[in-house]
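Visitor: Here it is, the structure in full.
FYI, it's all coordinate maths here, none of it is from the lab. What you see is a predicted model; the values in this text were computed from it and never measured. All Cβ positions, even for glycine, are placed from backbone atoms using ideal geometry, and neighbour counts span all protein chains on display.
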Ligand code: 4AD
Ligand code: MG
């Protein structure tokens with residue numbers, strides 16, 4: 001059995017041979033030409049049907065969206081835009097199409113809005129757009145594993161159910177096997193987690209970082225790649241309640257090594273997609289161009305999608321300290337004229353996505369790595385700098401996206417870490433195992449987290465994060 005991608009890629013060997021293919025009908029023109037697609041590529045294969053040679057019943061059931069198995073001869077095509085076609089000799093209808101119901105779905109061959117496609121997430125895999133997006137997503141995931149493998153990292157799995165709040169931000173989904181109608185209480189009336197499945201309060205992980213750090217303290221270079229859960233109630237085009245995060249953690253790396261790793265990593269993955277997803281990218285590039293045309297001239301992207309990806313891997317990312325960024329923002333026309341929803345008043349302010357996007361899209365016009373943030377606005381585990389005010393944090397900001405990566409050098413000094421945890425109200429006893437790594441051969445180390453879906457947004461030119469994960473989880477939405 002060969003996929004359409006394999007057949008089209010190697011058709012010369014197949015000329016004048018009979019082959020069997022299976023797929024879904026994308027179109028049936030003039031009762032003669034079937035455009036068949038099997039999902040392996042965005043390209044359809046053309047089947048030529050001489051209807052005199054087939055049962056009327058079969059011809060009647062060749063409808064858009066029905067599934068077929070076809071045996072026929074591979075011949076050179078005279079039609080434009082295709083090298084070969086297949087002269088059908090045998091056609092089997094694998095799956096009929098319930099036409100009346102199909103007409104209400106996104107399988108109906110016409111333009112559907114992204115909102116409607118989202119409501120039929122189970123059917124959108126069948127469209128050109130989502131076929132392209134999800135093939136690219138798969139290629140990105142593969143490239144991520146390949147990059148780390150080539151750089152001698154070990155792939156570590158960290159728990160989905162955990163007792164820790166790795167970010168200390170309290171945005172967790174609890175996990176319990178209590179009957180919610182009969183939750184046991186202790187003598188103070190508090191929930192008695194001692195009686196719960198794990199004998200303690202647990203939640204879905206917000207990050208595998210802390211566990212990855214412990215693994216790096218034995219294996220040197222590790223990375224995690226798994227689902228991550230955040231109960232942040234932000235209904236934006238950049239946030240999911242369930243997303244996939246890639247988290248490398250490297251013993252003996254400092255902040256600068258960490259930034260270098262992040263830059264090389266992103267460029268490798270984007271380069272891989274440019275090299276290996278040409279047909280899908282071409283389609284996405286055209287779609288992106290169409291979308292730009294609908295916008296007022298001033299809002300249009302300056303570069304095409306493919307051009308943007310090529311340029312990102314050519315240029316060195318700008319590296320800018322938080323303090324420099326605040327100066328730039330304070331002096332910006334936007335800030336002075338009150339154009340920001342959250343005006344920047346002084347050093348110490350947390351940066352909102354409008355500020356990040358100003359820096360990346362207006363000021364530098366390049367990906368930017370911001371580093372050395374005030375300690376108050378970053379997580380407890382980040383390494384305190386000499387100045388006593390900032391931590392060795394880094395965020396990678398991308399045009400059109402904002403923050404794509406967040407990371408840091410970690411606090412490896414036990415006493416400094418303990419003080420920091422006290423200041424930030426992180427319970428030392430809960431994280432006794434984490435503190436152990438600072439007691440027995442602690443070393444400088446660093447790592448970061450990449451939000452997979454944000455990277456997919458960037459490489460596909462899509463604008464809503466719900467459109468780059470097969471079944472998005474967002475507030476009030478877990479239909480599938
Ligand atoms: O900046 P964050 O919160 O960092 C961490 O979780 C660290 N523990 C990572 C580390 O150093 N190992 O999240 C990392 C990235 C963000 O930059 C963003 O790309 C993505 O994860 N992200 C989300 N993506 C989609 N939906 C959300 N709700 C996200 N929250 C974070
Ligand atoms: Mg962050």
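Visitor: Per the Debye formula with a single identical scatterer at each Cα and no solvent contribution, what log10 I(q)/I(0) holds for the stretch 1-147 at q = 0.09, 0.11, 0.18, 0.20 Å⁻¹?
Guide: Log10 I(q)/I(0), no solvent term: -0.31, -0.46, -1.10, -1.26.
Visitor: In addition: Pairs of Cα atoms under 8 Å, at least six residues apart: use those to get the relative contact order of the chain, whole percent. Write out the running numbers ahead of the final one.
Guide: Working: 827 pairs, mean separation 63.8, N = 480.
Relative contact order for the chain comes out at 13 percent.
Visitor: Related question: Of 285, 372, how do they rank once you tally other Cβ atoms within 10 Å and put the fewest first?
Guide: Values: 285 18, 372 21.
Least to most surrounded, the residues fall as 285, 372.
Visitor: Please arrange 87, 144 by counting, for each residue, the other beta carbons lying within 10 Å of its beta carbon, fewest first. Provide the component values of the computation, followed by the final result.
Guide: Working: 87 15, 144 23.
Result, fewest neighbours first: 87, 144.
Visitor: Taking only Cα atoms, what is the 0 to 90° angle, nearest 10, from helix 305-314's long axis to the longest principal axis of the chain?
Guide: The two axes meet at around 40 degrees.
Visitor: Return the equivalent ellipsoid semi-axes of the stretch 422-477 as a descending list in whole Å, where each equals the square root of 5 times an eigenvalue of the C-alpha gyration tensor.
Guide: Numbers: eigenvalues 274, 59, 18 Å².
They are 37, 17, 9 Å, listed from largest to smallest.
Visitor: Now for a different question. Report for the chain the percent antiparallel among DSSP-assigned beta bridges with both residues inside it, nearest 5. Could the numbers behind the result be given before it?
Guide: On the way: 65 of 74 bridges.
Roughly 90 percent of the beta bridges in the chain run antiparallel, per DSSP.
Visitor: Starting from the 7 Å offset along Cα-to-Cβ, what nm value, one decimal, do you get for the label separation of residue 190 and residue 294?
Guide: According to this spin-label approximation, the distance is 5.3 nm.
Visitor: Also, quick follow-up: Mind checking the angle between helix 209-219 and the chain's longest principal axis? C-alpha axes, 0 to 90 degrees, to the nearest 10.
Guide: 90
Visitor: Right, something else. Counting pairs of alpha carbon atoms under 8 Å apart in space and at least six apart in sequence, what relative contact order in percent does the stretch 126-261 give?
Guide: Working: 175 pairs, mean separation 33.9, N = 136.
It comes to 25 percent, rounded to a whole number.
Visitor: Now, a different point. So what's the angle, to the nearest 10 degrees on a 0 to 90 scale, between helix 255-276 and the longest Cα principal axis of the chain?
Guide: The two axes meet at around 0 degrees.
Visitor: Taking only DSSP H segments of four or more residues, each worth -39500 (n - 2.57), what value at 222 nm results for the chain once the sum is divided by all its residues, to the nearest 500 deg cm²/dmol?
Guide: Details: 15 runs with 146 residues, N = 480.
Rounded to the nearest 500, the figure is -9000 deg cm²/dmol.
Visitor: Continuing with this model, one more query. Compute the distribution of all C-alpha to C-alpha distances in the chain, in bins of 10 Å from 0, and list the percent of pairs in each, rounded to whole numbers.
Guide: Per 10 Å bin, starting at 0, the Cα pair percentages come out as 4, 16, 24, 22, 16, 11, 6, 1, 0.
Visitor: So what's the projected area for the stretch 162-208, the Cα convex hull averaged over all directions, in nm²? Could the numbers behind the result be given before it?
Guide: Details: hull surface 14.6 nm².
If I average the Cα hull's projected area over directions, I get 3.7 nm².
Visitor: Please arrange 369, 459 by how many other C-beta atoms lie within 10 Å of their C-beta, fewest to most.
Guide: 369, 459
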